[in-house]
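Enquirer: The structure's right below; bear with me while I get my questions together.
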Amino acid sequence: MRDLTHSQVCLVVLALTFVATTGRTDEATLSSIRADGVLMVDSEPVFPIGLRTEKLDSLDRIADAGFNLVLGSGEWRPDHYKKAADRKLLILGGHYEWATFASYRNNNGIDLTLEEKAALQNVQRVARDQGGRTQREVLTEFDPLPGVIGWNTNEEPEAKLIELSEYAYEIFKSHNPRHIVASLASGETARWFHLFDRTCDVLIVDVYPFTGLGRRHGSLLETYTRVKKAVDELDGKPVWLMSQMIPPSYWSRNPEDDISLRDTRLQHYLGLIAGAKGVIMYQWATLLEAYGPEGTAVVGQQVFDKRWRVVSQMVEELHELGPLVVEGRVTDDLEFRWISPGKDGSGPQLIRELDVKGRKYVFVANILDQPIEAIVYGINGGNRDGYTGDVHLGGSNLQIGPVSKYDAPAVAVITVGPRGCGVFAFDRIPLPAPE
């Protein structure tokens, strides 16, 4: 074996130092956020389709359904990480600083000096996950593992605890800048979304609008308004939707109130129309539970299978929507004149127009219990009928047809069925030769 040159020795030392200080190995997974908010994993764009779980035995089923990400927690053990990586699932780990720090207030060597360094070191010294591990212990053991793309460092903190989340961000981000850090905010706390700016690379917003008919019925519009507010408040940082897989019977205690594909599709479309760049469903455990007047019980196999079909169908559709979100550029090249229901039409509706390689994809959602209808125009002067369109996703929920002679020139008339959603696609038509 030939001797190494001085330069080669220096390179080896630098490489070993890098691995020792960052925990990086060739197997580690790199993640970042693209300028447009898209998640990048090992330099490839990814639309995250995730599910929260603490159960080791859930990971095979989650992977088989087509999920590409799991959100973990401090309850995860080494075998969770290994199983998830073996099944090619990306891992967003969990270490919820604000909750654990709040429970370690006395006799733990907390420094009461009024300075940020003392507060930061308090979080380092005292905060634990559900397994009793410090951030350093978690990062040392799990951050270098394949599949790990980053960490969620809090869960629905109140405004007064945001400072702890800022310290958590600094702890996790300084350990490995090549991993993302997320915060999870409750949609109920939208009034302080702006405070999360320094706590994360990604803000996850949970919205649970389905509460059953036996109690206050949540509005699906909350999904749009809260995600949209987060997108606007964070000024460029991506927002992911945490969607509801908690059966509505959790609130109503009426076992007949269960999740449905129709409602699930609407919630996800509203989140994407508002600008969400990813989805994490909440959660595996609630899919296994039944809620009734007598309390909580484990559901039978038939009920679980029915729920899991809803989840699997939604995941399948998200795989079709994801590439449009990842590659799409938001545009405003089409005009929609909503003409029904009502004498003067329904007014502006929730849509999102994305341009992908010159083709327009328009996400639509109708929360009404009756159809809505619009005439579509090209907005360029003199070329109001300069597109042709079709239904890209949505099946019988969506229809497209010709305009009447009274509405011409226009592109088409579109109809979105009651509580329907989907995607229309439009292509430009070359201008004819001048007369």
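Enquirer: Can you give me the ranges of the helices (runs of 4 or more DSSP H) entirely in the stretch 241-334 with at least 1 residues that are closer than 29 Å to Gln349 by Cβ and not charged (D, E, K, R)?
Expert: 249-252, 261-273, 301-327
Enquirer: Can you list residue pairs whose Cβ atoms sit under 6 Å apart, with the first residue in the stretch 260-278 being more than 16 Å from Phe47 (Cα to Cα) and free of Cβ contacts under 8 Å to residues at least 60 places away in the same chain and the second being in a helix (DSSP H, G or I) and among the β-branched types (Val, Ile, Thr)? Count only pairs 6 or more apart in sequence or on different chains.
Expert: Note: pairs meeting the criteria are Leu261/Val310; Thr264/Val310.
Enquirer: Ok, one more. If you check Ile273 against the conditions, is it surrounded by fewer than 23 Cβ atoms within 10 Å (Cβ to Cβ), touching a Lys or Arg at 6+ places or on another chain (Cβ under 9 Å), modelled with pLDDT of 95 or more and at negative phi?
Expert: yes
Enquirer: Residue check, Ile400 against (1) surrounded by 15 or more Cβ atoms within 10 Å (Cβ to Cβ); (2) in the same structural domain as Glu289 (by TED's automatic domain parsing), all met but one. Which one?
Expert: Failed condition: (2).
Enquirer: For the stretch 348-395, what are the residues that are within 16 Å of Gly422 (Cα to Cα), at pLDDT 95 or above and small (Gly, Ala, Ser)?
Expert: Ala365, Ala374, Gly389
Enquirer: Looking only at residues that are in a helix (DSSP H, G or I) and without any contact (Cβ under 8 Å) to a residue 40 or more places away in the chain in the stretch 163-186, which one is surrounded by the fewest Cβ atoms within 10 Å (Cβ to Cβ)?
Expert: Across the stretch 163-186, the extreme among qualifying residues is Ser174.
Enquirer: Oh, and also: Please enumerate the residues belonging to the stretch 289-312 that are surrounded by fewer than 21 Cβ atoms within 10 Å (Cβ to Cβ) and either charged (D, E, K, R) or touching a helix residue (DSSP H, G or I) at 6+ places or on another chain (Cβ under 6 Å) (or both).
Expert: Hits for the stretch 289-312 are Glu289, Glu294, Asp305, Lys306, Arg307, Arg309, Val310.
The values are calculated or read from the model by the stated rules, or taken from the named source; none is laboratory data. A quick note: this is a predicted structure, and the numbers were derived from the prediction, not measured. For neighbour counting, all protein chains shown are included, and Cβ atoms are generated from backbone atoms with ideal geometry for every residue, glycine included.
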